[in-house]
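The values are calculated or read from the model by the stated rules, or taken from the named source; none is laboratory data. Everything numeric in this text was worked out from a predicted model, so none of it was measured. Glycine gets a Cβ as well: all are built from the backbone with ideal geometry, and neighbour counts include every protein chain shown. Quick note on the areas: whole protein, heavy atoms, side chains included, nothing else; ligands and nucleic acids left out. Shrake-Rupley method; radii C 1.70, N 1.55, O 1.52, S 1.80 Å.
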Amino acid sequence: MTTPEDQSPAPQPPAPEIKDRIYRSPAGMAGGVLLLGLVGWLGIDAIVAGEGRTPWLALAVLILLVPLIVAFTLRPAVFSGHDRLRVRNPFRVVVLPWGQVTSLRSGYSNEVVAASGTKFQLWSVPVSLRARKRANQREAKAAAAERAGRRDGGTGGRDGGLGGFGGCGGLSRGAGAAVDGPARAETDRVMDELRERWEARQKEESAQGEVTVRWAWEIMGPAAAGAVVLAILLGVG
């Protein structure tokens, strides 16, 4: 015989944790590393080899510039979570539950609009008009090739066997273009992914809440201190 304990349902395994998708600007990060290397090299050289007030001025400039370079190049990121969007910009961190997002816009910059009407720019997803133009040109070329393939396919039956092979080739290119979808710039594809998750999650109960904004004092404090020290040194001298 089985006891009531034996008939109890087996415990359910915990739901798998969904990791955030992180979007950064590779070009911005590479530029930030190069700028930090250049500023660090010049600054340290001035501190070590400088005379008089030069080492102190170099130190103040480093304290001012390093946080700003980090803020505008290495720090920006967008975290697309299961229930919320977290935007880390140079001087603040914005957390928007998907239920508070009303739109994700792409123009000359990419931005998210909250239900209150406040707009927050996505610094780590910059718009490249050149990349967008190249993508539009690729799409136009693919469409022209597909139309040419269809015309070849329509006349292939009249041209005989060799024309038939040409027609099949044209149809296969058209099918491939349909599967791949329209050409898109990289940042436009990122915005498409964000919109897809927003549309799927915006009405979920766990995706509701309030928008929070936190200022990045860890960046603003050192930069302000460096600016004050630099101003004092220049004023005294």
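Taking only C-alpha pairs under 8 Å that are 6+ residues apart, what is the relative contact order of region 24-114 in percent? Reported relative contact order: 19 percent.
Here the label points at Val213 and Thr118, each 7 Å from Cα along the C-beta direction, are separated by 0.4 nm in the simple model. Take the Cβ atoms of Arg92 and Glu186, set R0 to 25 Å, and the FRET efficiency comes out at 0.50. Solvent exposure of Phe91, expressed as accessible area, is near 70 Å², computed with a probe of 1.4 Å over the protein chains only.
How far, in nm, would the chain grow between Glu205 and Asp20 when pulled straight, counting 0.36 nm per residue and subtracting the alpha carbon separation? All intermediate terms of the calculation are to be shown ahead of the outcome.
Working: separation 185, 0.36 × 185 = 66.60 nm, distance 1.84 nm.
Gain in length upon complete extension: 64.8 nm.
Taken along the Cα-to-beta-carbon direction at a fixed 7 Å, the label points for Arg195 and Val33 span 3.3 nm. Within the full protein context, the accessible area of Arg84 is estimated at about 100 Å² for a probe radius of 1.4 Å.
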